[in-house]
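The values are calculated or read from the model by the stated rules, or taken from the named source; none is laboratory data. Small disclaimer: the values here were computed from a predicted structure and weren't measured. Glycine gets a Cβ as well: all are built from the backbone with ideal geometry, and neighbour counts include every protein chain shown.
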Amino acid sequence: MRYIDPHIHMISRLTDDYERLAHAGCVAVSEPAFWAGFDRGSSLAFRDYFRQLTEVEPKRAAQYAIKHFCWLCINAKEAENVSLSREVIAMIPEFLDKPNVLGIGEIGLNKNTKNEATIFCEHLELAASRDELVLIHTPHLEDKYKGTRMILDMLRNESRLKPERVLVDHAEEHTIKPILDAGYWCGMTLYPVTKCTPQRSADMLERFGSTRVCVNSAGDWGPSNPMNVPALMLEMRLRGHSDAEISKVVYDNPLAFFKQCKRFKWSEE
Amino acid sequence: MTPLTAQAAIDRYYLETRCKLIEIAANLDRIDRGDGAAGAAADPRMAKVLEALALLNRTDITTADRAERLQRVFSQQFEEGWAIPNKK
């Protein structure tokens, strides 16, 4: 069965991982801009990073017949540096018309600080003014519930952004309902220890339904498994869910969200 | 999406549940065996672990939302009316 991983950091993965994804049926990935594992020294480092996301990575993915899309921003962790963040936000429009860019992301909160909230709102302003889709990172562990509620408050405050054009990611049992109730898309990340297992994700799909829900591996440079979307597909199959139900979650839903981007091109080959 | 029957869920997840409970017991034993175990008991994280275990043992909850309740045990409080930047 074909599938899309809508949140995976392929610049951190081996080319072998593209091959494994392709063998498992992956036909497209989307890669949000994120923290590199260290704070970058200047906005020039982000310029190079955005070139990697928009020029280099699509070619690497294409070797395995995988379409590569991406999202641009300065991540929540480095958003603590407000002056650097504003330099990066000012640079983003130079890259927004690249054909594989889906929108602004993954913006969000990390430790729920005032600076992070300020830069989150400035990213929302950019997205609203350019009519871009938005992909949002919610914090980890004990910060997640509070941060998700703060993010929903800030989204409500930016009335130009339609909820159906925003995906709030890394949802878990205590945050999925407020996200869906507010009309946003919701992402569940299948990631060891700090996020969600395939089993718990399947539980949430059974409990809350699959409308406006996507799943992803968020495979990156840390302990993570880029094959976790197929792991969820197997879990759903073992529970007796139909191919149509599985395909809705892992293919139809991310595609429907992406298709709202004016640059997004897709052929059902 | 229709969930498994309760019996099918027991059959499929019993060994996994047993395994995870024993892992938790072993983790707690490891803490108790270590130097400074008395001090570790005062660590606020241990209070959360014990609160979570007590929640798991409650038989009066019939809403099948233990995972959500546990998540809340390990979460910071959200304060309504916080200062949103550039509030409109």
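Based on what the data block shows, is A:Ala76 closer than 30 Å to A:Lys265 by Cα, buried (at least 24 other Cβ atoms within 10 Å of the Cβ) and in contact (Cβ under 8 Å) with a residue 24 or more places away in the chain? Outline the logic, then answer.
On the way: closer than 30 Å to A:Lys265 by Cα: yes; buried (at least 24 other Cβ atoms within 10 Å of the Cβ): yes; in contact (Cβ under 8 Å) with a residue 24 or more places away in the chain: yes.
Here the answer is yes, as A:Ala76 does meet what is asked.
What's the number of the only condition in (1) buried (at least 16 other Cβ atoms within 10 Å of the Cβ); (2) modelled with pLDDT under 95 that A:Ser267 fails to meet?
(1) is the only condition that A:Ser267 fails.
Just wondering, is there one or more residues in segment A:94-109 that are within 13 Å of chain B (Cβ to nearest Cβ), surrounded by 21 or more Cβ atoms within 10 Å (Cβ to Cβ) and farther than 17 Å from A:Asn216 by Cβ?
Yes, segment A:94-109 contains a residue that is within 13 Å of chain B (Cβ to nearest Cβ), surrounded by 21 or more Cβ atoms within 10 Å (Cβ to Cβ) and farther than 17 Å from A:Asn216 by Cβ.
Kindly indicate the residue of segment A:20-73 that is assigned to a loop (DSSP other than H, G, I, E, B) and among the hydroxyl-bearing types (Ser, Thr, Tyr) and also nearest to A:Pro93 (Cα to Cα) among those meeting that condition. Spell out the reasoning first.
Narrowing segment A:20-73 to residues assigned to a loop (DSSP other than H, G, I, E, B): A:24-25, A:33-42, A:63-66, A:73.
Narrowing further to those that are among the hydroxyl-bearing types (Ser, Thr, Tyr): A:42, A:64.
On the way: A:Ser42: 18, A:Tyr64: 29 Å.
Here the residue is A:Ser42.
Could you look through segment A:121-151, keep only residues that are assigned to a loop (DSSP other than H, G, I, E, B) and buried (at least 22 other Cβ atoms within 10 Å of the Cβ), and pick out the one that is nearest to the chain's Cα centre (by Cα)?
At the first step, the residues of segment A:121-151 found to be assigned to a loop (DSSP other than H, G, I, E, B) are A:131-132, A:138-140.
Okay, now just the ones that are also buried (at least 22 other Cβ atoms within 10 Å of the Cβ), so A:132, A:138-139.
Values: A:Glu132: 14, A:Thr138: 10, A:Pro139: 13 Å.
In this case the residue turns out to be A:Thr138.
Taking segment A:29-52, which residues are over 19 Å from A:Ile119 (Cβ atoms) and free of Cβ contacts under 8 Å to residues at least 60 places away in the same chain? Before the answer, list the steps.
Looking only at segment A:29-52, we keep the residues that are over 19 Å from A:Ile119 (Cβ atoms), and these are A:29-31, A:37, A:48, A:51-52.
Those that are over 19 Å from A:Ile119 (Cβ atoms) and free of Cβ contacts under 8 Å to residues at least 60 places away in the same chain: A:Val29, A:Glu31, A:Asp48, A:Arg51, A:Gln52.
Quick check on A:Thr118: is it more than 10 Å from every other protein chain (Cβ to nearest Cβ), hydroxyl-bearing (Ser, Thr, Tyr) and more than 15 Å from the chain's Cα centre (by Cα)?
Numbers: more than 10 Å from every other protein chain (Cβ to nearest Cβ): no; hydroxyl-bearing (Ser, Thr, Tyr): yes; more than 15 Å from the chain's Cα centre (by Cα): yes.
So A:Thr118 fails the test.
Kindly provide the set of residues from segment A:137-169 that are touching a residue at least 40 places away in the same chain (Cβ under 8 Å) and more than 8 Å from chain B (Cβ to nearest Cβ), ordered by number.
Just the residues of segment A:137-169 that are touching a residue at least 40 places away in the same chain (Cβ under 8 Å), to begin with: A:137, A:139-141, A:150-151, A:164-165, A:167, A:169.
A:His137, A:Pro139, A:His140, A:Ile151, A:Glu164, A:Arg165, A:Leu167, A:Asp169 - these are the residues of segment A:137-169 that are touching a residue at least 40 places away in the same chain (Cβ under 8 Å) and more than 8 Å from chain B (Cβ to nearest Cβ).
Taking into account only those residues within segment A:189-201 that are within 13 Å of chain B (Cβ to nearest Cβ) and touching a strand residue (DSSP E or B) at 6+ places or on another chain (Cβ under 6 Å), which is farthest from A:His23 (Cα to Cα)?
That would be A:Lys195.
Could we say that B:Ala40 is over 26 Å from A:Arg156 (Cβ atoms), away from chain A (no Cβ under 14 Å), surrounded by 10 or more Cβ atoms within 10 Å (Cβ to Cβ) and among the small types (Gly, Ala, Ser) here? Let's see the steps before the verdict.
Values: over 26 Å from A:Arg156 (Cβ atoms): yes; away from chain A (no Cβ under 14 Å): yes; surrounded by 10 or more Cβ atoms within 10 Å (Cβ to Cβ): yes; among the small types (Gly, Ala, Ser): yes.
Answer is yes for this residue.
Scan segment B:34-88 residue by residue and report those that are in a loop (DSSP other than H, G, I, E, B) and either under 15 Å from A:Arg149 (Cβ atoms) or in contact (Cβ under 8 Å) with a residue 12 or more places away in the chain (or both). Outline the logic, then answer.
First pass over segment B:34-88, keeping only residues in a loop (DSSP other than H, G, I, E, B): B:34-36, B:42-43, B:57-65, B:74-88.
Passing the criteria: B:Phe74, B:Ser75, B:Gln76, B:Gln77, B:Phe78, B:Glu79, B:Glu80, B:Gly81, B:Trp82, B:Ala83, B:Ile84.
This table checks each residue for (1) away from every other protein chain (no Cβ under 14 Å); (2) outside any strand (DSSP E or B); (3) more than 24 Å from A:His174 (Cβ to Cβ).
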{"position": "A:Gly187", "(1), (2), (3)": "yes, no, no"}
{"position": "A:Asp203", "(1), (2), (3)": "no, yes, no"}
{"position": "A:Thr211", "(1), (2), (3)": "no, yes, no"}
{"position": "A:Asp220", "(1), (2), (3)": "yes, yes, no"}
{"position": "A:Pro223", "(1), (2), (3)": "yes, yes, no"}
{"position": "A:Val229", "(1), (2), (3)": "yes, yes, no"}
{"position": "A:Met233", "(1), (2), (3)": "no, yes, yes"}
{"position": "A:Ser247", "(1), (2), (3)": "no, yes, yes"}
